[in-house]
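What follows is a single structure, written as structure tokens, with notes after it.
The values are calculated or read from the model by the stated rules, or taken from the named source; none is laboratory data. Note that this is a predicted model, so its numbers are computed, not measured. Cβ placement follows ideal geometry from the backbone for every residue including glycine, while neighbour counts extend to all protein chains displayed. Accessible surface is based on the protein model in full, side chains and every heavy atom, while ligands, DNA and RNA are left aside. Shrake-Rupley method; radii C 1.70, N 1.55, O 1.52, S 1.80 Å.
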Amino acid sequence: MATVPAIPLLSADDYLNRSFEHDVEFVDGLLVERGMPTPAHSLLQAIVVEHLRQHRKAFGYGVFPECRVELIKRSRYRIPDVLIAGVPLPTGPVLTEAPLAVVEIWSPDDRIGPQLARFREYWARGVRNVVILHPEDFIALRYENGALIEGALKHLQMEDGRKIPFDSDAMLAELREELSRI
């Protein structure tokens, strides 16, 4: 009888104390590669960060690109493209509190199944603002309780009633303009 080869597992401590050439996520002991960003992805990420940073003081949050987030203690660590964290701002090597919002920017090698699994994990952790921006198709989507909903966003609705400005159409238009100059 043939045996299945054992997959080497990594501990959470080993993951958290290592750096990687291309940062990877950690899912139940396995390292999971992230989609490789394109120039459009990188430009849109910079636009989103710049936009959100304009409002950080008025709304009392921090903006973090590519910050490790603990979704399940010692088991699941994801790295969203951009996240909003409440105050006080995190000071450790990983965000352990649920983000207020997550913005993911689609990469050409992203696949819907694994991405939906990530979005479900964010939702299960209490993240009620999960936004997906597609830099090649210039569309915005949001994830809500198992569904992807396409449509422009004007703000991110916080649980305390605050509405953080988030004009997805304006950000995608800025991306389109930037790309036309390249």
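Enter the accessible area of SER19 (Å², nearest 10), with the probe set to 1.4 Å and all protein chains included.
110
If I compute solvent accessible area with a 1.4 Å probe over the protein chains, what percent of it on the chain is carbon and sulfur? Working shown, then result.
Details: 5390 of 9950 Å².
Reported share for carbon and sulfur atoms: 54 percent.
Using a probe radius of 1.4 Å on heavy atoms only, what accessible surface per residue do you get for the chain? Whole Å² is fine.
Details: 9950 Å² over 182 residues.
For the chain, the solvent-accessible area averages 55 Å² per residue.
Can you compute 3J(HN,Hα) from phi for each residue in the stretch 154-161, using the Karplus curve 6.51 cos²θ - 1.76 cosθ + 1.60 with θ = phi - 60°, rounded to whole Hz and x for Gly and Pro?
Per residue, the Karplus-derived 3J(HN,Hα) values read 10, 7, 10, 7, 7, 5, 8, x Hz.
Per DSSP helix of 4 or more residues, -39500 (n - 2.57); summed, then divided by the residues of the chain. What does that give at 222 nm, rounded to the nearest 500?
On the way: 5 runs with 50 residues, N = 182.
Value at 222 nm, helices only, nearest 500: -8000 deg cm²/dmol.
Along the stretch 127-142, what does the Karplus equation 6.51 cos²θ - 1.76 cosθ + 1.60 (θ = phi - 60°) give for ³J(HN,Hα), rounded to whole Hz, x for Gly and Pro?
7, 9, 10, 10, 10, 10, 10, 10, x, 8, 9, 6, 10, 10, 9, 10
Once both axes come from the Cα atoms, what is the angle between helix 168-180 and the longest principal axis of the chain, in degrees from 0 to 90, rounded to 10?
Roughly 90 degrees, rounded to the nearest 10.
Taking the simple approach of a point 7 Å from Cα along Cα-to-Cβ for both LYS154 and THR96, what is their distance in nm?
Inter-label distance under the simple model: 4.0 nm.
Enter the angle in degrees (range 0 to 90, nearest 10) between the Cα long axis of helix 112-124 and the first principal axis of the Cα atoms of the chain, meaning the one along which they spread out most.
The angle comes out near 80 degrees.
At 7 Å along the Cα-to-beta-carbon direction for both ALA147 and ARG53, put a label point, then send me their distance in nm to one decimal.
3.6
Classify the stretch 39-98: rounded, prolate or oblate, from the alpha-carbon gyration tensor (a ≥ b ≥ c, eigenvalue square roots; a/c under 1.5 rounded; otherwise prolate if a/b is larger than b/c)? Write out the running numbers ahead of the final one.
Values: a/c = 3.06, a/b = 1.27, b/c = 2.42.
Since a/c reaches 1.5 but b/c is at least a/b, the shape of the stretch 39-98 is classed as oblate.
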